[in-house]
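The values are calculated or read from the model by the stated rules, or taken from the named source; none is laboratory data. What you see is a predicted model; the values in this text were computed from it and never measured. Cβ placement follows ideal geometry from the backbone for every residue including glycine, while neighbour counts extend to all protein chains displayed.
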Amino acid sequence: MRSKIVAGNWKMNLSQSEAKQLCKEVNNMNIGSGIEVYIFPPMLYVSDCKSSSTVVKVGAQNAYPKDSGAYTGEVSMWQLKEAGIDAVLIGHSERREYFNEDHTLLKQKLDAALFHGVKPFFCCGEPLEIRQDGSFLKYVKNQLEESVFHLSANDFEKVVLAYEPIWAIGTGQTASTEQAEEMHAAIRSWVEEKYGNTIAENTSILYGGSCNPGNAQALFACENVDGGLIGGASLKAADFSVLVAEETWTILN
Ligand code: PEP
């Protein structure tokens, strides 16, 4: 059975005291049974959040594939592991766009995360022009083939996938349930082709892109949507608490 996951990507937001407070609030939320919750604070706060987290898992928004050395400004997967950090985001569209992260680097990051036992959340998703020209399935399949499908079945099983259409991230323009389900079902079918039915059925595929208390219930009820990677709504405890609550997951399911 695949895990149901709600993950909050705080991006480059919050002061130290705000992050501390939000971390506390998330750990005190009434989380539905069987739902795993992750937070991805800014790197500066990751260790503190980890130390004060009793319930939720804590990840980094980024890390470098080399273990150590002259890579000024970077933090390695090995260092994350050593500090007890649970997970890492890889392939977020903002990293691809603003930091020119390409398939090769993402592949190296994935390999390093798995080598060190840090759980990778691998993000994929198409820009608006690709959605509009109709080639979005091919585009996302290519992202997975270039950076993920080289993994052994044993490694792939540890990866969480997140489909995040770029046109929906931070725009308020959420994918419809039909659009999300079409892509999630396609992703699961590609995983099945590559790794077989059992692994495909056990792979958690999260939706990300303007997911909020108003649309989460319908999205999470889609057969192939196993939760959400949440940006904006993860910064507001009141909103995030709805996304992790039992009712959001049970009424429509
Ligand atoms: C994200 O950045 O991963 C994201 C989904 O952001 P938002 O929820 O704000 O669209």
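Structure data summary
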{"item": "Among residues of the range 27-43, those that are hydroxyl-bearing (Ser, Thr, Tyr) and over 14 Å from Thr250 (Cα atoms), counted", "result": "1"}
{"item": "Pairs with Cβ under 6 Å, 6+ apart, first in the range 85-98 and closer than 14 Å to Met43 by Cβ, second away from the ligand (no atom under 12 Å from the Cβ) and at pLDDT below 95", "result": "none"}
{"item": "Only listed residue being at pLDDT below 95 and not β-branched (Val, Ile, Thr), chosen from Trp190, Trp249", "result": "Trp249"}
{"item": "Failed item in (1) free of Cβ contacts under 8 Å to residues at least 12 places away in the same chain; (2) among the aromatic types (Phe, Trp, Tyr); (3) in contact with a helix residue (DSSP H, G or I) (Cβ under 8 Å, 6 or more places away or on another chain), with Tyr64 passing the rest", "result": "(1)"}
{"item": "Strands (runs of 3 or more DSSP E) contained entirely in the range 1-79, each with at least 3 residues that are within 20 Å of the chain's Cα centre (by Cα) and hydrophobic (A, V, I, L, M, F, W, C)", "result": "4-9, 35-40"}
{"item": "Residue under evaluation Gln61, criteria (1) more than 16 Å from the ligand (Cβ to nearest atom); (2) within 30 Å of Asn30 (Cβ to Cβ); (3) not hydrophobic (A, V, I, L, M, F, W, C), criterion not met", "result": "(1)"}
{"item": "Residue pairs meeting the criteria (Cβ under 6 Å; at least 6 apart or on separate chains; first touching a residue at least 40 places away in the same chain (Cβ under 8 Å) and closer than 12 Å to Ser204 by Cα, in the range 106-124; second in a helix (DSSP H, G or I) and more than 15 Å from the ligand (Cβ to nearest atom))", "result": "Pro120/Leu110; Pro120/Ala113"}
